[in-house]
C-alpha cells in the first residue's frame, strides 16, 4: 500500500511540474509576441568603448572596471571581439589563418574548398 501511494504522489508531482513548464513557456511566448526583450540587457556600447579605450591606454582590467562599472568578463569579451573583427566588420586575416590552421590540425583534412569560398579577410558574418 505504501509503495502505491509513493508512486501516485510521484505521478502527481510530475504532472504538476509539467503544468509549471507549460505556463512558463506560454508566458515567454506571450512576452515575445508582445515584443518584450527577453534575457539580460546588453552593456551600454559607450561604456564598453570607454573601457576598451582605458585598456588600450595601458590600464588594467580592474582599473577599467572601477572607472566604467562594467564587469571584467564584459571587458574581456569586448576586447576579444575587437581583435577578431576589423573596422569593416570582416574577420581579421590573422584570426582567419589561425582558425583555418586549427581546423586543419584538429580534423586532419585540407580545407581548400573552404579557402576558395572565403578568401582571407572576407569571411561573412552571419
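Every number in this text was worked out from the coordinates using simple rules, so none of it is lab data. Note that the structure is a prediction, hence the values are computed from the model and not measured. Glycine also receives a Cβ, built like all others from the backbone with ideal geometry; neighbour counts cover every protein chain displayed.
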Hull volume in cubic angstrom per residue (convex hull over the Cα atoms of the range 43-84): 56 Å³
Footprinting exposure proxy for 74, 60 (fewest neighbouring C-beta atoms within 10 Å first): 60, 74
Anisotropy class of the range 1-42 from Cα gyration tensor, a/c 1.5 cut: prolate
